[in-house]
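Engineer: So that we are looking at the same thing, I have put the structure below in structure tokens.
The values are calculated or read from the model by the stated rules, or taken from the named source; none is laboratory data. On a predicted model such as this, the values are computed, not experimentally measured, just so you know. All Cβ positions, even for glycine, are placed from backbone atoms using ideal geometry, and neighbour counts span all protein chains on display.
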Amino acid sequence: MIELQDIEKIYFTKNQQVVGVDRVSLEVNKGEIYGIVGYSGAGKSTLLRCMNILERPTSGAVLVGGVNLLTLSPRELRTARQSIGMIFQGFHLVASKTVFENVSFALKAAGIGKVSRKYRVIELLELVGLSDKVNHYPAQLSGGQKQRVSIARALANNPKVLLCDEATSSLDPSTTKSILALLKKINTELGITVVLITHEMEVVKEICHRCAVMQDGRIVERGPVYDIFSKPKEELTKNFIQTILQFTLPEKLLAACEGTLVKLQFRGKLAEEAIVSDMLQGFQVSGNILHGKVEYIQDAPLGIFIMELNGSKDEVEKAIAYLENRVKQVEVIQYGI
């Protein structure tokens, strides 16, 4: 659906050149929600804006539906952009226009007749849950409602792709959840491909199928979201995941533990099995769970537990070997005294 080939974006100043995107290649499949995550300055927003040529790449190719947008004339590019909707962190609504007029504007620009525009706007506002705000102005709306208007406007011309640039960054957690649910609904019911830029791993976990992690203009890690969470390779990715799957114990607690501390990670169906219970019954050890959490990513469970094992050295080693055989991902954090 979207294919970026060796994209480079360089900004030139009088004294230097700054690389915003450093030779990035990326494929987004039709009908998926693809997340691009990174800290401020990583180049993720620049990369997103290259997808609809709001930022023209210095080099490379941008293919949407098999068409290289960089080869199009200005007129052809304007037509092609009608199939690519975009929403922003700052909403970009016209303050002097009503909700109806803000959504209708995109249709008017595409040459849609007045009667057809009216029916389409009503349809879109119903989709985003704002049928009762038709005649309201942006100043009368909450942040979440403003973002719903911008989503309706982005969907006006039946796009095949929806680009979301930090669409939830300025919203509170509850409103963020509702906007993500709406994006998921749009993806599922309308079959629209969604590319989502964010610095919040919680957003990626909530709705993305695959994701890429950016740093210094490059993609440092990519893959299915479940794999990224359960088997992160890069330190940056691990730091992002740490914000969701907190599993660091306080130093005071570590100092008080006399047994062997192990961290277990349960992937998929293993998170639903009684592995720890079986281990405690099978070996002469006692266990104390110090931290535990199960997250559901794309409806698949991922569990992380830290527990203290007490018993003879031989029995503890046998118990750990059993866990390694069943769980595969076992890390000894601290050996017993």
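Engineer: From the list Leu171, Leu182, Leu236, exactly one residue is within 15 Å of Ile33 (Cβ to Cβ) and in contact with a Gly (Cβ under 9 Å, 6 or more places away or on another chain). Which is it?
Structural biologist: Leu182
Engineer: Test of understanding: among Ile36, Ile84, Ile112, Ile122, which residue is among the hydrophobic types (A, V, I, L, M, F, W, C) and modelled with pLDDT of 95 or more?
Structural biologist: Step by step, each of Ile36, Ile84, Ile112, Ile122 is checked, and only Ile36 is among the hydrophobic types (A, V, I, L, M, F, W, C) and modelled with pLDDT of 95 or more.
Engineer: Please find, within the range 52-72, the residue that is surrounded by the fewest Cβ atoms within 10 Å (Cβ to Cβ) out of those that are over 12 Å from Gln5 (Cβ atoms) and either in contact with a Leu (Cβ under 9 Å, 6 or more places away or on another chain) or of a type in the set (Lys, Arg) (or both).
Structural biologist: For the range 52-72, the residue satisfying everything is Arg56.
Engineer: Restricted to the range 156-204, and to residues that are of a type in the set (Ser, Thr, Tyr) and part of a loop (DSSP other than H, G, I, E, B), which residue is modelled with the highest pLDDT?
Structural biologist: Thr168
Engineer: Could you check the range 208-243 and list, in sequence order, the residues that are touching a residue at least 60 places away in the same chain (Cβ under 8 Å), surrounded by 22 or more Cβ atoms within 10 Å (Cβ to Cβ), under 15 Å from the mean Cα position of the chain (by Cα) and not in a strand (DSSP E or B)?
Structural biologist: Passing the criteria: Cys208, Val225, Phe229, Phe240.
Engineer: Can you work out which of the residues in the range 161-197 that are within 16 Å of the chain's Cα centre (by Cα) and of a type in the set (Asp, Glu) is nearest to Tyr119 (Cα to Cα)?
Structural biologist: Result: Asp165.
Engineer: Over 33 Å from the mean Cα position of the chain (by Cα), part of a strand (DSSP E or B) and either in the same structural domain as Ile219 (by TED's automatic domain parsing) or of a type outside the set (D, E, K, R) (or both): is that true of Ser286 in this structure?
Structural biologist: So Ser286 fits the description; yes.
Engineer: Does any residue of the range 266-275 turn out to be aromatic (Phe, Trp, Tyr) and closer than 16 Å to Met307 by Cβ?
Structural biologist: Scanning the range 266-275 turns up at least one residue that is aromatic (Phe, Trp, Tyr) and closer than 16 Å to Met307 by Cβ.
Engineer: Against the condition over 22 Å from the mean Cα position of the chain (by Cα), surrounded by fewer than 16 Cβ atoms within 10 Å (Cβ to Cβ) and not assigned by TED's automatic domain parsing to the domain that holds Ser174, how does Ile306 come out, does it pass?
Structural biologist: No.
Engineer: Separate question: Condition first: closer than 26 Å to Val121 by Cβ, touching a Leu at 6+ places or on another chain (Cβ under 6 Å) and polar (S, T, N, Q). Can you find one or more residues in the range 80-103 that meet it?
Structural biologist: yes
Engineer: OK, next. Given the options Val276, Val330, name the one that is assigned to a strand (DSSP E or B), surrounded by 16 or more Cβ atoms within 10 Å (Cβ to Cβ), in contact with a Leu (Cβ under 8 Å, 6 or more places away or on another chain) and among the β-branched types (Val, Ile, Thr).
Structural biologist: Within the list Val276, Val330, the selection yields Val330.
Engineer: Here's another thing I want to ask about it. State all residues of the range 221-256 that are modelled with pLDDT under 90 and of a type in the set (Val, Ile, Thr); if no residue qualifies, say none.
Structural biologist: Residues satisfying the conditions are Ile241, Thr243, Ile244, Thr248.
Engineer: Just to verify a result, which residue in the range 249-272, among those that are within 13 Å of Lys328 (Cβ to Cβ) and small (Gly, Ala, Ser), is surrounded by the most Cβ atoms within 10 Å (Cβ to Cβ)?
Structural biologist: Ala271
Engineer: Taking Asn158 and the conditions (1) over 20 Å from Gly31 (Cα atoms); (2) over 20 Å from the mean Cα position of the chain (by Cα), which numbered condition does it fall short on, given that it satisfies the others?
Structural biologist: (1)
Engineer: For Lys252, are the conditions met, namely being of a type in the set (D, E, K, R), in contact (Cβ under 8 Å) with a residue 24 or more places away in the chain, more than 23 Å from Val195 (Cα to Cα) and out of contact with any Ser or Thr (no Cβ under 8 Å at 6 or more places or on another chain)?
Structural biologist: Against the criterion (of a type in the set (D, E, K, R), in contact (Cβ under 8 Å) with a residue 24 or more places away in the chain, more than 23 Å from Val195 (Cα to Cα) and out of contact with any Ser or Thr (no Cβ under 8 Å at 6 or more places or on another chain)), Lys252 does not qualify.
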